[in-house]
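Here the structure comes first, spelled out in structure tokens, and everything after it is commentary.
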Amino acid sequence: MIVTVQQHILQQQDELFPTARGSFSSLLSGMTLATKMIQAKIRRAGLVDIIGSAGDINVQGETQQKLDVYANQALLHCLGTRESVAMLVSEENAQPVTIDRSETGKYVVVFDPLDGSSNIDVNVSVGTIFSILRRPDGVHGEAAVMQPGWKQVAAGYVVYGSSSIFVYTAGHGVFGFTLDPDIGAFVLSYPNLRMPDRGTYYSVNEANADSFPVHYREYLGGLRAKGYSSRYIGSLVADFHRTLLKGGVFLYPPTEKNPKGKLRLLYEANPLAFLAEQAGGLAIDGSQRILDIQPEGIHQRTALVMGSRAEVEEFEKKT
């Protein structure tokens, strides 16, 4: 018999949180609904007027795509109606969206609505990344978001590719679900995902290699000398999904243009680092554990080295 993501979430809730009242499962149900709406639009890209630039620049200084706008609206709508949600923090919005639920609002949801959206026009996989934090008692506004990644209650992503796959962790393993179009539900297809201890691939934008710090260049040279193959899609979700399944290492080093790194700590690095560690891998910013970083702003950026334990530990010896 199949197991849907909703069934799996409820099973985990019953086993791990027997006193829970269903608010967390309702929140995740809102997330899966929004991602199914996004998937339906992506599937029709090219047939309806949904690809191309929306004509605006977001808070990150990036050109918004039409699908960026739609994905953001879908998540804000589907999550904003959940009684347990106190705040929504999107990569596309300059400020958090606060929902006045002082009594029932237990959770803060942080998300990148459509990672890799510039690839939509050329039919390359894109995704949605999310992170869920518990709102500290008595804490409101942006201060409720400023929590290190180890405090995440859950995190996950959906990769929209040849199939749509929902991957999440609630701190007790990593599980993957494939969207079955015949029944319209995400069905368990990857129980208890584990990242291989070592892989054969590395993933990095080598066009920027001349501006990488020296120890990054030396490390990459060592991987090539060992016979590693380069795989880089340019869509973070897709690159991470391959690393999760196949092992190896993903790197986004600091550069002369972005000396603190380019990836967003809250929307991208924290949720993927949580998944990586839950699957047996590691994630660092080049020197320290990603999940230990104390955020200083909702749009804070970071460098990232993430993947199989063997490759990340070898990188740490270079620092």
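Looking only at segment 217-247, residues that are touching a strand residue (DSSP E or B) at 6+ places or on another chain (Cβ under 8 Å), closer than 19 Å to Glu313 by Cβ and part of a loop (DSSP other than H, G, I, E, B) come to 2 in all. Among the residues of segment 122-149, those identified as within 19 Å of Phe240 (Cα to Cα) and either without any contact (Cβ under 8 Å) to a residue 24 or more places away in the chain or out of contact with any strand residue (DSSP E or B) (no Cβ under 7 Å at 6 or more places or on another chain) (or both) are Asn123, Val124, Gly149.
Being assigned to a strand (DSSP E or B) and surrounded by 24 or more Cβ atoms within 10 Å (Cβ to Cβ) holds for only one residue in Phe274, Phe250, and it is Phe250. Consider segment 130-141 and keep the residues that are within 14 Å of Ile298 (Cβ to Cβ) and under 20 Å from the mean Cα position of the chain (by Cα). The one that is surrounded by the fewest Cβ atoms within 10 Å (Cβ to Cβ) is Leu133. Just one of the numbered conditions (1) in a helix (DSSP H, G or I); (2) more than 16 Å from Leu291 (Cα to Cα) is not true of Trp150: (2). Could you give me the residue pairs with C-beta distances under 6 Å whose first residue belongs to segment 228-241 and is in the same structural domain as Glu206 (by TED's automatic domain parsing), whose second residue is in a loop (DSSP other than H, G, I, E, B) and surrounded by 17 or more Cβ atoms within 10 Å (Cβ to Cβ) wherever it lies, and which are 6+ apart or on separate chains? Filtered contacts from segment 228-241: Ser235/Gly116; Ser235/Ser125; Ala238/Ser125; Asp239/Ile233. Considering each of Val109, Val89 in turn, give the residue that is in contact with a Pro (Cβ under 6 Å, 6 or more places away or on another chain), assigned to a strand (DSSP E or B) and not assigned by TED's automatic domain parsing to the domain that holds Arg242. When all the criteria are applied, what remains is Val89. Only one of the numbered conditions (1) assigned by TED's automatic domain parsing to the domain that holds Gln288; (2) of a type outside the set (A, V, I, L, M); (3) modelled with pLDDT of 95 or more is violated by Asn258, and that is (3).
The values are calculated or read from the model by the stated rules, or taken from the named source; none is laboratory data. Here the structure is a predicted model, which is why all the values come from computation and not from measurement. Note that each Cβ is placed from the backbone with ideal geometry, even for glycine, and that neighbours are counted across all protein chains shown.
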